[in-house]
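I have placed the structure first, in the form of structure tokens, so that the comments after it can refer back to it.
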Amino acid sequence: MQGRDDVGGRDDSRYVRGVGRLAVLLCLLGFGMAYQSEAAEWSLSPSIGLKGVYNSNLLLTPLPHHDTYGYWVTPSAEFVGKTERLDVSSKLAADVVGYFGEENRQFTNIVAPLSMHYRMEQDLFGFNGGFTRDNTLLGELQATGVVLQFAQRNQWTFNPTWTRTVTEKLSIQSSVQLSDTAYETARLADHRVVGGSSGLQYQLTERDQIQLSGSYTDFRTTDALFPFRANFPGINMSLTHAFDESLTGTVHGGPRFLSSDTETPVGSIGAKETVWLAGASMTKKFERALVQVMFARDLSPSGLGLLIQTNRGEVSGIYAVSETLTVGLNVVGMLTTAKAGTTIGGTFPESRYVSVAPKLTWQFLEWWRAEVSYMYRWRDTDSAISSAESHATTFMVTYSPPHFSFSH
């Protein structure tokens, strides 16, 4: 693949540039907070965790394999700032990971999200984004149900938003989506997503809210063997209903007008298609528990160099047994198919993925927390000789000292 011969050197330089951009971002954040003349409050919450990991099939392969063991060391610091108009929250966390057994690897993950909201009399400006460096077998697998190779992924996201209150019931909402994803391997395709949406939100009654919006998304690979680009303008309508103070439901849906183009050695291959996307969710709050159920059909970019359609169902819940003991459960089921583009290395088979993950959290001391979790994963594709499954357990201890806070 042209331009990918010195993958290691390029990956190192990307990593250095990513850390540099992150430092600049945090400096700008600090200057922005310092510039505020209003009364302000800041807090910094550090923590460090140590986790032991066991996985019977880390790569989720149907081929013969061995068990994998590992450790995670996770230092973290969360920053929160607040003035009368500005709310800022950010986090800088790292995972120093080592695996041995089936896989002998050492790598580092970084998570640095940033969220900002600035309020004016009739306007609310927001920003959500940051930098994430993770492994494709964790983040992208759980989001799309597609198993890629064992590789690190570096992703930048920038999502500014604006809301204008027209009347007590009517508001205008706009947002911009920018993301850049790079993989530290020549076998996956880096890609970039640019898009935006704008629409109206109206409070029909005290319990009902309706939203109508238009959107446009442009997806392109940046270094694929067969360059691919797709765009899909669309219309979306959503309705949210509060059945009571503890039960809320939302349904949404609309068409996307997909147009794609793939460059091949024999010429360009174009296609057009109308894709209907939809989803529904429901949240129920109890005195000591929270349950969420959702279903969504969506279009997602993939490191395989194409767009995929995901049909995702998810059930999650959390229950506070006592003030110090909490149990949780997350169940995900996904059906994934190719929607546009040519995958690296051949065709893209229909994929089915299921994960079940119970978790127990115990705050055994004021500054100490223990967590035990288990995850079962199952995957099957039309082209696989058989399905694959894995069993994983983790035990983690986290130390969170008192946070530092100051104000002026």
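Per-structure values
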quantity: Alpha-carbon Rg/Rh ratio, for region 81-127, with Rh computed the Kirkwood way; calculated: 1.37
quantity: Projected label distance in nm at LEU335 and LEU44, using a 7 Å step from Cα toward the beta-carbon; calculated: 5.1 nm
quantity: Approximate spin-label separation LEU178-PHE158, in nm, with each point projected 7 Å along Cα-to-Cβ; calculated: 0.2 nm
quantity: Net length gained if the chain between VAL327 and VAL372 were fully extended (0.36 nm per residue, minus Cα distance); calculated: 15.2 nm
quantity: Additional length obtainable on full extension of the chain from LEU200 to ALA143, 0.36 nm per residue less Cα span; calculated: 17.7 nm
quantity: Stretch gain in nm, segment ASP67-ARG207, where the contour uses 0.36 nm per residue and the Cα spacing is subtracted; calculated: 45.2 nm
quantity: Of the trypsin sites (Lys or Arg not before Pro) in region 92-199, those whose Cβ has at most 14 other Cβ within 10 Å and which sit in DSSP loop; calculated: LYS169
quantity: Proximal lysines relative to LYS91, as straight alpha-carbon distance under 25 Å, when same-chain residues fewer than 8 apart are discounted; calculated: LYS51, LYS82, LYS359
quantity: Proximal charge balance of PRO233 [Cβ under 15 Å; K/R count +1, D/E count -1]; calculated: +1
quantity: Region 149-228 - percent relative contact order, Cα under 8 Å, separation 6 or more; calculated: 25 percent
quantity: Whole-Å distance, taken between Cα centres, linking region 277-316 and region 87-117; calculated: 23 Å
quantity: Ellipticity estimate at 222 nm from DSSP helix runs (n ≥ 4, -39,500 (n - 2.57)) divided over the chain, nearest 500; calculated: -3000 deg cm²/dmol
quantity: Neighbour-limited loop hits for GluC sites (Glu not before Pro), region 196-282 (at most 15 other Cβ within 10 Å; DSSP other than H, G, I, E, B); calculated: GLU206, GLU245
quantity: Alpha carbon Rg of the chain, scaled by the compact-globule rule 2.2 N^0.38 Å; calculated: 1.05
quantity: The chain: relative contact order as a whole-number percent, Cα under 8 Å and 6+ apart; calculated: 13 percent
quantity: Point-charge dipole on Cβ atoms (K/R +1, D/E -1) for the chain, about Cα centre, debye to 20; calculated: 300 debye
quantity: Heavy-atom accessible area per residue - region 273-403, 1.4 Å, Å²; calculated: 53 Å²
quantity: Sparsely packed chymotrypsin sites (Phe, Trp or Tyr not before Pro) within region 268-357, loop by DSSP, other Cβ within 10 Å at most 14; calculated: PHE286
quantity: Distance between modelled label sites at SER405 and LYS169, nm, 7 Å Cα→Cβ extension; calculated: 4.0 nm
quantity: Around PHE295: net Lys/Arg minus Asp/Glu count, Cβ-Cβ under 14 Å; calculated: 0
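The values are calculated or read from the model by the stated rules, or taken from the named source; none is laboratory data. All figures in this text were calculated on a predicted structure; none of them were measured in a lab. Cβ: placed from backbone, ideal geometry, glycine included. Neighbour counts: every protein chain shown. What goes into the accessible areas is simple: the full protein's heavy atoms, side chains included, and nothing from ligands, DNA or RNA. Shrake-Rupley method; radii C 1.70, N 1.55, O 1.52, S 1.80 Å.
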